[in-house]
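The values are calculated or read from the model by the stated rules, or taken from the named source; none is laboratory data. Please read all numbers here as calculations on a predicted model, not as lab measurements. Cβ atoms come from the backbone with ideal geometry, glycine included; neighbour counts cover every protein chain shown. Side chains included, ligands, DNA and RNA excluded: accessible areas come from the protein's heavy atoms. Shrake-Rupley method; radii C 1.70, N 1.55, O 1.52, S 1.80 Å.
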Amino acid sequence: MRVNAYAAPAAGQPLALTTIERRDVGPNDVLIAIEYAGICHSDIHTVNGDWGPQPFPVVPGHEIVGIVTETGSAVTRHRVGDRVGVGCMVNSCGECANCLAGDEQYCVKGMVPTYAGTDRDGTTTQGGYSTHVVVDADYVLSVPESLDAAAAAPLLCAGITTYAPLRRWGAGPGKKVAVVGLGGLGHMAVKIAHALGAEVTVLSQSLKKREDGLRLGADHYHATSDPDTFEQLAGRFDLIVNTVSAAIDLNAYLGLLAVDGTLVNVGAPAEPLSLHVMSLIGGRRSFAGSLIGGIALTQEMLDFCAEHNIGAEVEVVPADKVNEAYERVLASDVRYRFVIDIKTLA
Ligand code: NAP
Ligand code: ZN
């Protein structure tokens, strides 16, 4: 079927209305009428060419919530009328050790990203800034009814990307967790770490969003533009989750870790970061990365968020405001996730 979509025609070009083809519903596929699609900074990195050449035109969007309108003959997991979500991946081999362990995002053959990837049929995947999408049912999540649809969309990327490292590195009671950058990922990290019972500190460029940070669940809030912050908090944290979309002074932040502490980078800047190994050696510290999360963990995260009444703080925008929203994200002027109302694309 041919559907309306917003696409970037070439690297760095503004997105514009177009149409794309969606495949026929196969035996294990579901057709989803999309209601909302979040705007992730990864969408902007991709269309701006920060991560290398892309198969333009690219329809971004990997924070998708919608309603199932058709299911293939073999689908048992989802039914017509269900509210469902799709995150950053739409396929993987399903057979390698990582897939079998529920880490499909680390599939040894490479997972298929929701957009700008090559699907199993050889076609280029196109994301959620469109009215419909056809996805293998195994990569489609159930969105709990108690969650608001627009506020749930960002959970499919920002939610799982922060939930996964917080769980893996044991954020919980008695743990001091810092979140660097209060944007889309950062505000989800604050809410989730707080719900997990950790003591949460926001490290933001300024104190402009301090009130918001405390309201979202942070116990402390510091400006990284103030050099005193790095002296005052030296050796403090068990875990630091860095969500910043640009290069930061890694060594300064590693100095904030306690002995055996870990700094996990989820932010994926275009530029390399520089690491002095003494920053690790001096406190038996670790520096790690983390990519989204597996399908089972994503469902666990959605259920956790429903249980704790956690959604994203969203600013819902019509599709024709996507380019303005991108500018505002790049200026760190987002509180705290733009979500496209896909009705405006119909
Ligand atoms: P975002 O909403 O733009 O948030 C990033 C935040 O970083 C900003 O709000 C800002 O927070 C801070 N920041 C931005 N530029 C900065 C700079 N030059 N110096 C210091 N701080 C700066 O972006 P997002 O959607 O949360 O995504 C964040 C990053 O995570 C992106 O690189 C994205 O591609 C990546 N990502 C990775 C994964 C993964 O699986 N690992 C998944 C999704 C996204 P303050 O104003 O509070 O300082
Ligand atoms: Zn994302």
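Checking every one of the trypsin sites (Lys or Arg not before Pro) in region 63-118 against DSSP loop status and a limit of 16 other Cβ atoms within 10 Å picks out R77, R79, K109. Here K343 is the anchor, and the aspartates and glutamates within straight C-alpha reach of less than 13 Å, apart from those fewer than 8 places off in the same chain, are E35, D320.
To the nearest 20 Debye, how big is the dipole of the chain about its Cα centre, given +1 on the beta carbon of each Lys and Arg and -1 on that of each Asp and Glu? Don't skip to the answer; put the middle values down first.
Numbers: 25 positive and 39 negative charges, 70 e Å.
Roughly 340 debye, rounded to the nearest 20.
By the gyration tensor of its Cα atoms, with a ≥ b ≥ c the square roots of the eigenvalues, what is the shape of region 159-289: rounded for a/c under 1.5, prolate for a/b over b/c, or oblate?
Rounded, because the longest to shortest axis ratio a/c is under 1.5.
Spin-label model, Q205 to V316: label points 7 Å out along the Cα-to-beta-carbon direction sit 2.9 nm apart.
Protein heavy-atom accessible surface, 1.4 Å probe, per residue over region 159-289: 42 Å². Taking packing as the residue-averaged number of other Cβ atoms within 10 angstrom, the listed peptides 293-303, 84-94, 316-326 run from highest to lowest as 84-94, 293-303, 316-326. For region 82-103, the residues whose backbone nitrogen is under 13 Å from a point 7 Å from the Cα of R120, taken along Cα to Cβ, are 90-96.
Relative to one another, the C-alpha centroids of region 1-35 and region 331-346 are positioned 17 Å apart.
Shape call for the chain from the C-alpha gyration tensor, a ≥ b ≥ c root eigenvalues: rounded (a/c under 1.5), prolate (a/b greater than b/c) or oblate? Prolate shape, in that a/c is at least 1.5 and a/b is the bigger ratio. Listed by chain and number, the lysines placed with their C-alpha closer than 22 angstrom to that of K208 are K191; residues fewer than eight positions away on the same chain are left out.
Projecting the Cα atoms of T124, C88, N242 onto the dipole axis of the chain, where Lys and Arg carry +1 and Asp and Glu carry -1 at the beta carbon, places N242 farthest toward the positive end.
Computed from label points 7 Å out along Cα-Cβ, the spacing between E231 and D148 is 4.3 nm.
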